[in-house]
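*Asks:* Dropping the structure in here first, questions after.
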Amino acid sequence: MAFTNRVFSGIKPSGDLHLGNYLGAIRRFVPLQEQMACIYCVVDMHAITVWQDPADLRRWTHEIAAAYIAAGLDPERSIIFNQSQVAQHAELAWVFNCVARMGWMARMTQFKDKAGKNSENVSLGLFAYPSLMAADILLYKATHVPVGEDQKQHLELTRDIAAKFNNDFATSIAAGGHDAEFFPSTEPMIAGPATRVMSLRDGSKKMSKSEISDMATIYLMDDADEIAKKIRKAKTDPEPLPSEAKGLQGRPEASNLVGIYAALSDRDIDDVLREYGGQGFGGFKPALAELAVEVLAPQAAEMRRLVADPGQIDAVLRNGAERAREIAAKTMAEVRDIVGFVR
Ligand code: AQP
């Protein structure tokens with residue numbers, strides 16, 4: 001069956017939003033509103049897989065909702081809400097915990113990275129994270145998920161969970177009069193020049209909310225001086241920029257800065273290098289800083305204005321949750337029947 005095209009994506013309120021979240025996710029959410037129905041979530045239940053101070057969790061939830069709106073998401077058109085307001089996310093995640101296999105979860109590189117040598121002591125929720133993520137997406141039968149490169153493996157797992165559910169319950173799905181493909185095989189949307197923004201201090205590490213060094217990360221609420229300073233001090237190599245993308249191979253820091261420039265200016269990397277190829281970073285970094293400030297500063301100002309009125313953001317989230325619940329309740333009622341729960 002052809003599923004109606006629908007986008008779902010989310011960000012977890014586990015720290016201050018950064019340029020990677022913006023270029024890998026938020027900026028790419030906005031034009032999709034013109035193409036299909038979109039659901040954008042603040043995934044607060046994912047955030048608590050690692051302990052969060054409750055006051056911070058609330059503040060970051062407001063900040064993400066503010067960033068969505070400041071970037072151009074329209075809460076009338078797109079559904080914007082926080083995950084914990086729609087109980088069906090947890091309910092479907094439980095069903096998926098019983099469909100997914102331990103071995104699948106244990107292979108997730110993000111779990112291995114986050115747990116490190118401490119895997120006996122991390123929360124059970126962190127291990128089961130991809131199962132909740134599959135529930136987030138499939139509750140809305142979303143067909144498209146715009147995310148950064150780091151989420152690719154989790155999306156493959158979402159497809160595996162959908163396929164196994166469709167297969168395990170095939171007879172019941174048919175008996176209920178549903179199409180055999182009850183849950184869709186969701187398409188990841190990972191494209192463009194900055195799907196993996198790297199740390200400004202180490203081109204081999206992803207820019208991340210949990211990074212300790214402030215100088216490694218451009219935060220969406222940074223002011224113009226901070227942005228310029230971080231770019232000026234970003235690690236680079238002594239070579240001039242190449243004139244074609246293939247010349248960036250083996251130069252992770254240069255590749256990262258050019259990728260950021262390309263994404264912020266909606267150009268491709270070769271096009272940027274046609275302009276800056278042959279120049280050193282002494283010329284390129286000020287141009288990048290100017291561009292970053294031009295794009296980010298107005299959004300930071302709008303975010304500050306919005307978070308100053310949390311009541312207004314709460315109203316947006318409540319309204320979004322109501323609309324999300326309508327879709328979620330329908331899917332969950334079907335799932336309960338398919339699984340055999342008496343209701
Ligand atoms: N460095 C990045 N480059 C491109 N995209 C990125 N994303 C995150 N970091 C980068 C994308 O942002 C969206 C939201 O991510 P998330 O908050 O759900 O989780 P994350 O990927 O684990 O983000 P962080 O910043 O690294 O958080 P912590 O440190 O708390 O784990 C996703 O689409 C993600 O791909």
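The values are calculated or read from the model by the stated rules, or taken from the named source; none is laboratory data. In this text the structure is predicted, and so the values were computed from the model without any measurement. Don't worry about glycine lacking a Cβ; one is built from the backbone with ideal geometry, like all the others, and counts go over all protein chains shown. Calculation scope for accessible area: heavy atoms of the full protein, side chains included, ligands and nucleic acids excluded. Shrake-Rupley method; radii C 1.70, N 1.55, O 1.52, S 1.80 Å.
*Asks:* Against the condition open to solvent by 70 Å² or more (accessible area, probe 1.4 Å) and of a type in the set (Asp, Glu), how does Asp150 come out, does it pass?
*Replies:* no
*Asks:* Between residues in the stretch 299-314 that are closer than 17 Å to Ile218 by Cα and residues that are open to solvent by 60 Å² or more (accessible area, probe 1.4 Å), which pairs lie under 8 Å by C-beta distance while being six or more apart or on different chains?
*Replies:* Within 8 Å, the pairs are Ala300/Asp223.
*Asks:* If you don't mind, another one. Taking Lys141, is it in contact with a helix residue (DSSP H, G or I) (Cβ under 8 Å, 6 or more places away or on another chain) and among the basic types (Lys, Arg)?
*Replies:* yes
*Asks:* Same structure, new question: Assuming Gly72 fulfils every condition listed in (1) touching a Lys or Arg at 6+ places or on another chain (Cβ under 7 Å); (2) surrounded by fewer than 23 Cβ atoms within 10 Å (Cβ to Cβ) apart from one, which condition is it?
*Replies:* (1)
*Asks:* Here's another thing I want to ask about it. So is Gly203 in contact (Cβ under 8 Å) with a residue 60 or more places away in the chain, in a loop (DSSP other than H, G, I, E, B) and within 16 Å of the ligand (Cβ to nearest atom) or not?
*Replies:* No: the conditions fail for Gly203.
*Asks:* Looking only at the stretch 3-23, count how many residues are farther than 17 Å from Ile137 by Cβ and not aromatic (Phe, Trp, Tyr).
*Replies:* So the answer is 10.
*Asks:* A further question on this structure: Would you please list the contacts, defined by Cβ atoms under 7 Å and residues six or more apart or on different chains, that run from a residue in the stretch 83-104 that is within 14 Å of Gly10 (Cβ to Cβ) and among the acidic types (Asp, Glu) to a residue that is surrounded by fewer than 16 Cβ atoms within 10 Å (Cβ to Cβ) and at pLDDT below 95?
*Replies:* none
*Asks:* I've got another one for you. Output the residues belonging to the stretch 27-42 that are open to solvent by 10 Å² or more (accessible area, probe 1.4 Å), within 12 Å of the ligand (Cβ to nearest atom) and touching a helix residue (DSSP H, G or I) at 6+ places or on another chain (Cβ under 8 Å).
*Replies:* Arg27
*Asks:* When you scan the stretch 104-124, do you find a residue that is within 13 Å of the ligand (Cβ to nearest atom), among the aromatic types (Phe, Trp, Tyr) and open to solvent by less than 60 Å² (accessible area, probe 1.4 Å), even just one?
*Replies:* Yes, the stretch 104-124 contains a residue that is within 13 Å of the ligand (Cβ to nearest atom), among the aromatic types (Phe, Trp, Tyr) and open to solvent by less than 60 Å² (accessible area, probe 1.4 Å).
*Asks:* Here's a follow-up. When you scan the stretch 1-115 for strands (runs of 3 or more DSSP E) that lie fully inside it, which ones turn up with 3 or more residues that are touching a Leu at 6+ places or on another chain (Cβ under 8 Å)?
*Replies:* Fully inside the stretch 1-115 and qualifying: 37-42, 79-82.
*Asks:* Identify all residues within the stretch 231-275 that are closer than 24 Å to Ala216 by Cβ, in a helix (DSSP H, G or I) and either of a type in the set (D, E, K, R) or without any contact (Cβ under 8 Å) to a residue 12 or more places away in the chain (or both); write none if there are none.
*Replies:* Across the stretch 231-275, the qualifying residues are Arg232, Glu253.
*Asks:* Could you tell me whether any residue of the stretch 63-72 is more than 10 Å from the ligand (Cβ to nearest atom) and at positive phi?
*Replies:* yes
*Asks:* Scan Phe96, Phe81 and give me the residue that is open to solvent by less than 20 Å² (accessible area, probe 1.4 Å) and more than 16 Å from the ligand (Cβ to nearest atom).
*Replies:* It is Phe96.
*Asks:* Right, here's the next one. Keeping to the stretch 206-257, report how many residues are within 14 Å of the ligand (Cβ to nearest atom), open to solvent by 40 Å² or more (accessible area, probe 1.4 Å) and of a type in the set (Val, Ile, Thr).
*Replies:* Counting residues in the stretch 206-257 that are within 14 Å of the ligand (Cβ to nearest atom), open to solvent by 40 Å² or more (accessible area, probe 1.4 Å) and of a type in the set (Val, Ile, Thr) gives 1.
*Asks:* On the basis of being acidic (Asp, Glu), within 30 Å of Val339 (Cα to Cα), more than 10 Å from the ligand (Cβ to nearest atom) and out of contact with any His (no Cβ under 9 Å at 6 or more places or on another chain), does Asp56 make the cut?
*Replies:* Answer is no for this residue.
*Asks:* Right, another one. Determine whether the stretch 15-26 contains at least one residue that is more than 10 Å from the ligand (Cβ to nearest atom) and either in contact with a helix residue (DSSP H, G or I) (Cβ under 9 Å, 6 or more places away or on another chain) or among the polar types (S, T, N, Q) (or both).
*Replies:* No, every residue in the stretch 15-26 fails to be more than 10 Å from the ligand (Cβ to nearest atom) and either in contact with a helix residue (DSSP H, G or I) (Cβ under 9 Å, 6 or more places away or on another chain) or among the polar types (S, T, N, Q) (or both).
*Asks:* Please determine, by comparing only the residues of the stretch 293-343 that are part of a loop (DSSP other than H, G, I, E, B) and at pLDDT 95 or above, which one is farthest from the chain's Cα centre (by Cα).
*Replies:* Going through the qualifying residues, I end up with Val342.
*Asks:* Hey, another quick one. For the stretch 136-192, which residues satisfy the criterion of being part of a helix (DSSP H, G or I), within 16 Å of the ligand (Cβ to nearest atom) and β-branched (Val, Ile, Thr)?
*Replies:* Ile137, Thr158
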